[in-house]
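What follows is one structure encoded as structure tokens, with my remarks underneath.
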Amino acid sequence: MADLSIEFCGIKSPNPFWLASAPPTDKAYNVVRAFEAGWGGVVWKTLGEDPPAVNVSSRYSAHYGKNREVLGFNNIELITDRSLEINLREITQVKKDWPDRAMIVSLMLPCEEFRWAEILPLVEATGADGIELNFGCPHGMPERGMGAAVGQVPEYVEMVTRWCKQHTRLPVIVKLTPNITDVRMPARAALAGGADAVSLINTINSITHLDLDAMAAYPIVGGKSTHGGYCGSAVKPIALNMVAEIARDPATAGLPISGIGGISNWRDAAEFIALGAGSVQVCTAAMLHGFRIVEEMKDGLSRWMDEKGYKSIADFTRKAVPNTTDWKYLDMNYQVIANIDQDSCIKCGRCYVACEDTSHQSIHQLIDSASGERTYQVNEAECVGCNLCEITCPVQGCITMVPQQTGKPYMNWTQDPRNPRRG
């Protein structure tokens, strides 16, 4: 059976599944329930200075799909609203009772060195395994000069990271904001400041939807609202890209990454790990379905690893990174053409409509004059292999993209004679 245990920047954990710093890790009661369910670690909800933050009511909203499936989750809750003393006491006890689980403490303080110098020894005394610097919170805290207000300025990221490395022996993980043009810049700054790892992504600025009678966005607080932090399965593609950008950047290629963003099942976790993550953090899926989802995550990942012959997480960590490149290095001579399996086709015509109206008119609709039966065939001469028909088809595997033997060698855009700026 596959070994799911990990060691992430010196922090050991029985499995790579950690709960992210968020409402599920706000107190000992929640964290103990998580550990009982089988989570490998937690990042305790962000601690700050006393007096603690004060939250509003209400705090959450969602972006829904069909049948009220939550695709994205919006949150305007701030960092912990409990006192520093209570949090530290609970962290100490939980770590004592669960010594084999990873205990990371998230921190957010003003950009004044003495404040970090004061709190770090207190956190270290709890027995925690590491700290995570919350440079990503996009709502409420940036207005106070913290959270994303720090994470969006690489110089601040480097400065605060360096302070923390000077005032603690614990591993320092820097949590990055996605609300930035190029996530590689703060990642490089974190490394320059001495960070042991980075975690990403934090939540994305968002407004999910409006009450068109009240003319206010959700969640509504006294008739008004504000932008919040967006998370859940909808942000996974953005998170995967940002993780990959850091993993393949020569300046940060060896920097450990804790992957966050829309991880809901074992497959999501495997994708993050293959693109560079050494651990994965989960929040929204646990909030929607409860802590016991980790059982399926662990079982599914273990079964998949056994099937593929991976004995440990390290065996496939970053395995997809070499295959992730810039567009200009893709093979211009590679070609695929759509193929429709007539036996599994249900004759719905969605592929035809999509291609005819919005793409390359490369699917023919044939109607039998006697029976009126419709069939759909690909015009191979016109098909550019865009994948739209495969995506719109409701029957998985009915339409496949078949590689063609072009007889042409690899040629990227920098080599292509059609490139007017070819060197």
Residue that is without any contact (Cβ under 8 Å) to a residue 12 or more places away in the chain and over 11 Å from Val157 (Cα atoms), where the choices are Thr203, Thr208, Thr168, Thr181: Thr181
Here are Ala314, Ala214, Ala253: which of them is among the aliphatic types (A, V, I, L, M), farther than 22 Å from Asp3 by Cα and either in contact with a helix residue (DSSP H, G or I) (Cβ under 8 Å, 6 or more places away or on another chain) or part of a helix (DSSP H, G or I) (or both)? Ala253
If the requirement is being open to solvent by 70 Å² or more (accessible area, probe 1.4 Å), modelled with pLDDT of 95 or more and either touching a strand residue (DSSP E or B) at 6+ places or on another chain (Cβ under 6 Å) or at negative phi (or both), which of these qualifies: Asp81, Asp97? Asp97
All conditions in (1) over 15 Å from Val198 (Cα atoms); (2) touching a Lys or Arg at 6+ places or on another chain (Cβ under 7 Å); (3) in a loop (DSSP other than H, G, I, E, B); (4) in contact (Cβ under 8 Å) with a residue 60 or more places away in the chain are true of Pro138 except (2)
Hey, among the residues in the range 148-175 that are outside any helix (DSSP H, G or I) and more than 15 Å from Leu109 (Cβ to Cβ), which one's most open to solvent (accessible area, probe 1.4 Å)? Arg169
Count of residues meeting criterion [in contact (Cβ under 8 Å) with a residue 24 or more places away in the chain, assigned to a strand (DSSP E or B) and over 15 Å from Cys393 (Cα atoms)] in the range 338-367: 0
Against the condition part of a loop (DSSP other than H, G, I, E, B) and within 20 Å of the chain's Cα centre (by Cα), how does Glu77 come out, does it pass? yes
The one condition in (1) touching a Pro at 6+ places or on another chain (Cβ under 9 Å); (2) open to solvent by 20 Å² or more (accessible area, probe 1.4 Å); (3) farther than 15 Å from Cys283 by Cβ that Pro52 fails to fulfil: (1)
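From the set of residues in the range 393-423 that are among the β-branched types (Val, Ile, Thr) and within 19 Å of Glu380 (Cβ to Cβ), which is surrounded by the fewest Cβ atoms within 10 Å (Cβ to Cβ)?
Thr406
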Exactly one of these conditions fails for Arg318: (1) over 30 Å from Val243 (Cα atoms); (2) of a type in the set (D, E, K, R); (3) touching a residue at least 60 places away in the same chain (Cβ under 8 Å). Give me its number. (1)
So, Asp268, is that one surrounded by fewer than 24 Cβ atoms within 10 Å (Cβ to Cβ) and in contact (Cβ under 8 Å) with a residue 40 or more places away in the chain or not? no
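The values are calculated or read from the model by the stated rules, or taken from the named source; none is laboratory data. Since this is a predicted model, take the numbers as computed values, not measurements. For neighbour counting, all protein chains shown are included, and Cβ atoms are generated from backbone atoms with ideal geometry for every residue, glycine included. Surface accessibility is based on the protein's heavy atoms, side chains included, excluding ligands, DNA and RNA. Shrake-Rupley method; radii C 1.70, N 1.55, O 1.52, S 1.80 Å.
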